[in-house]
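So the structure is just underneath, and the comments pick up after that.
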Amino acid sequence: SGVRGLGLWPRAHRPGGVCGEAGAPRPAVLAAVPEGARRLGATPYANGGLLLRDLPVPPLENYAVPVDRPGASTHEPTRVLGDLLRDVMAATADRRDFRLVGPDETASNRLQAVYGASGKAWQERTLPVDEDLDRHGRVMEILSEHTCQGWLEGYLLTGRHGLFSCYEAFVHIVDSMVNQHVKWLRVTRRLPWRAPIASLNYLLTSHVWRQDHNGFSHQDPGFVDHILNKSPEAVRVYLPPDANTLLSVADHALRSRDYVNVIVAGKQPCFDWLTLEEARVHCARGAGIWDWAGTEDGTREPDVVLACAGDVPTQEVLAAAQLVRHHLPDLAVRVVNVVDIARLLPSGEHPHGMSDFEYDGLFTADKPVVFAYHGYPWLIHRLAYRRTGHAHLHVRGYKEIGTTTTPFDMVVGNDLDRYRLVMDVIDRVPGLAVRAAAVRQRMEDARLRHHAYIREHGVDMPEVADWTWEARR
C-alpha cells in the first residue's frame, strides 16, 4: 500500500497539465523559463566584473602639492586626497558606481571635500541643523564597521567601485570579513569565466602615532600584520610618507582589480618630501634610496642604513639622519624609504618581493640597518628573516605603549624617536661606542629634557615642534 500511495501522490498534482507523455515540460511551461543573462546563474549582477567600467580618475597633476625642496612645506595628506575623491564622485554622478563608506569618520579623516559632490545617504526626515544629508548620497556612514564592509563588498561584487575609510585601530572589527573576501578572490582568480572586479580598498588614517586626544584605545597598527598573512597574490599594503605619494598610491589602488589594498596615511600636517613625479617613481619602485637625505657619496659602502616606512617614522629617520650628519660627519649614512611593505619579502613569496640581489644592494648584506616602522616591529623581522643581513637588522616601532599625550612623547615612549635612532646607530656601527660616547650622551640627555619639558609645558619642546629639514650644503 505504501508503494501504491507513492504513485498516487504525484498524480494528485495533475502533472499532465505541465508535462507531456514523456515527462518533459510542455512548451507553454518552457516559455516562462528565463533565457541568457536573465538566468539566475548567468546574470551579470552575480559576475559583476562583466558590468565594471573603468573609474574616471582625474589627472593627479590637478591635486599634487608643489615641492620646491624636500621638507620645505607641510600638508594634510588625506585632505589632499579628499579633493581627488570629490572629483571622482562628481565624475560618476550619472553612472552612480562609486561610493565612499566609513564608520562616521569622513570629516574626521579630512575627506569632507567629497560633500561638495555628494552628501551622506540618509532616508529619514531632516532638520534645519542637519548637514550634508542626501537621500541619494553616495557617502555612506554608519558607526558599524561590519555594515560598511558588507555594503562595500556587495557593491564591488556587483560591478561598482568604492573606498573604505576608517580609523586604523578599529578596522580590526572586520578581520574575519576581509579574510573571507581574500579567500574568495584567490579562488575566483582561477575561474576563467569570472571577470575581475574592482579592488577592495582601505584607507586607514587617524593612526597610532597621532591620537593626541583619543589616546591608548585608538592605537593599534596591527591590521597590516593580519592582511600580510593572507594570499600574496591578492593583498597589497602601502605606507605613503607624504601627500604626493598618497595620491600616487590611491590612483593605483582605485584603478586596480582583484586586490585588497590597504593604505595607511596620516591626516595631520606632514612634511612634503617628494614632487609628484618623484612620488610616482618611488611608489612604482616600492622601496628606494633617498640620496638627498643620506651622506654616502658613492665612493664606499654606507656605514649604516637608516630605513623607514610610514609618515611619522620617515620624519624621525630624517631628523636622525640630520643629527648624525651634524655630530658624526664622517659617517656614510644611507636613507631608505619603503612604501610597499611586501617589497621586503623574498621574490618567491610575494609578487612584489625583492630578490636577494636587490635586497642586499639596497640594505647591504653586512652593515647595520636601523629600521623605523609604523607598526609592530616584529612584522619587519618576520618579512626579512631569510635575508643575509637579518642579523644586522634592528627595528623600532609600536610596542603597545600609548596614552593621551604629545606626538613626540608617543615616539619617545616606543623608542622610535630621532634621539633613540641616533643612539642605535652609535650602538651598532663598529667603533662608535667609544669614539661617539659623548654624542650618545647628548642624545640621552635630549630624551630626558623632553620628559621634563612636556610635564611642565604640556607640549613638545621647540627643537622638536619647530624642527625642519636642512638640505645638505
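The values are calculated or read from the model by the stated rules, or taken from the named source; none is laboratory data. Quick caveat: nothing in here was measured; it's all calculated off a predicted structure. Cβ: placed from backbone, ideal geometry, glycine included. Neighbour counts: every protein chain shown. Please note that ligands, DNA and RNA were not included when accessible areas were found on the heavy atoms of the full protein model with its side chains. Shrake-Rupley method; radii C 1.70, N 1.55, O 1.52, S 1.80 Å.
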Please report the net charge: other residues with Cβ closer than 9 Å to the Cβ of P103, K and R +1, D and E -1. -4
Can you send over the carbon and sulfur percentage of the accessible area for segment 338-421, probe radius 1.4 Å, protein chains only? 55
Rounded to the nearest 5, what % of the DSSP beta bridges within the chain are antiparallel ones? 15
Kindly rank 214-226, 300-312 from highest to lowest mean number of other beta carbons found within 10 Å of each residue. 300-312, 214-226
Extension gain E358-E21, at 0.36 nm per residue separation less the Cα-Cα distance, in nm? 113.9 nm
Can you list the residues, at least 5 places off or on another chain, whose amide H is less than 5 Å from the amide H of G375, using H built in the peptide plane? Y398
Could you give me the ³J(HN,Hα) list for segment 325-332, computed from phi with Karplus coefficients 6.51, -1.76, 1.60 and θ = phi - 60°, whole Hz, x at Gly and Pro? 4, 6, 9, 9, x, 7, 7, 8
Give the residue from V174, L143, L156 lying farthest towards the positive end of the charge dipole for segment 125-181; charges sit on Cβ (+1 for Lys and Arg, -1 for Asp and Glu) and the dipole is referred to the Cα centre. L156
On the full set of protein chains, 1.4 Å probe, figure out the accessible area of S248 and give it in Å² to the nearest 10. 20
Cα lying deepest toward the dipole's positive end in the chain, options Q315, A198, Y115, charges on Cβ: A198
Give me the dipole magnitude in Debye, nearest 20, for segment 24-175 about the Cα centre, with unit charges on the beta carbon: positive for Lys and Arg, negative for Asp and Glu. 800
To the nearest 0.05, how large is the calculated FRET efficiency for D427 and H136 if R₀ is 45 Å and r is the Cβ-Cβ distance? 0.15
What FRET efficiency would be calculated for the residue pair R189, E124, taking the C-beta separation as r and a Förster radius of 45 Å, to the nearest 0.05? 0.65
Efficiency by 1/(1 + (r/R0)^6): what FRET value for E61 and D94, r their Cβ-Cβ distance, R0 = 41 Å, to the nearest 0.05? 0.95
Asserting the computed 222 nm helical MRE of the chain (DSSP H runs at least 4 long, -39500 (n - 2.57) per run, divided by residue count, to nearest 500) equals -10500 deg cm²/dmol
From phi via Karplus (6.51, -1.76, 1.60), per-residue ³J(HN,Hα) for segment 414-430 in Hz, x at Gly/Pro: 9, 6, 9, 6, 4, 5, 5, 5, 5, 4, 4, 4, 5, 5, 10, 7, x
Shape of segment 117-258 from its Cα gyration tensor (a ≥ b ≥ c, root eigenvalues): rounded if a/c is under 1.5, otherwise prolate when a/b > b/c, or oblate? oblate
Report ³J(HN,Hα) in whole Hz for each residue of segment 89-95, in order, from the Karplus equation J = 6.51 cos²θ - 1.76 cosθ + 1.60 where θ = phi - 60°; Gly and Pro get x. 4, 5, 5, 10, 4, 7, 6
Going by amide H atoms built from the backbone, whose H comes under 5 Å of the H on A195, apart from near neighbours? G49, L50
Evaluated at 37 °C with a viscosity of 0.692 mPa s, what Stokes-Einstein diffusion coefficient in µm²/s does segment 348-473 have when Rh comes from the Kirkwood expression over alpha-carbon pairs? 197
Accessible area of segment 105-201 with a 1.4 Å probe: how many percent of it is carbon plus sulfur? 55
Compactness relative to 2.2 N^0.38 Å, alpha carbon Rg of the chain: 1.20
Net dipole in debye of the chain [+1 Lys, Arg Cβ; -1 Asp, Glu Cβ; about Cα centre; nearest 20]: 2220
Measuring with a 1.4 Å probe in the full set of protein chains, what accessible area per residue, in whole Å², belongs to the chain? 45
Roughly to the nearest percent, how much of the accessible area of segment 208-269 is carbon and sulfur, given a 1.4 Å probe? 45
Sum of side-chain charges, R447 neighbourhood, beta-carbon under 14 Å (Lys, Arg +1; Asp, Glu -1): -2
In whole angstrom, largest first, the equivalent ellipsoid semi-axes that the Cα gyration tensor gives for segment 235-312 are 26, 14, 12
For all pairs of alpha-carbon atoms in segment 274-430, what percent lies in each bin of width 10 Å, listed from the first bin to the last filled one? 11, 42, 37, 10, 0
Within 14 Å, Cβ to Cβ, of D220, how many net charges do the neighbouring residues add up to if Lys/Arg are +1 and Asp/Glu are -1? -3
Run the dipole for segment 53-118 about the Cα centre, Lys and Arg Cβ at +1, Asp and Glu Cβ at -1, nothing else charged, and hand back the magnitude in debye, nearest 20. 80
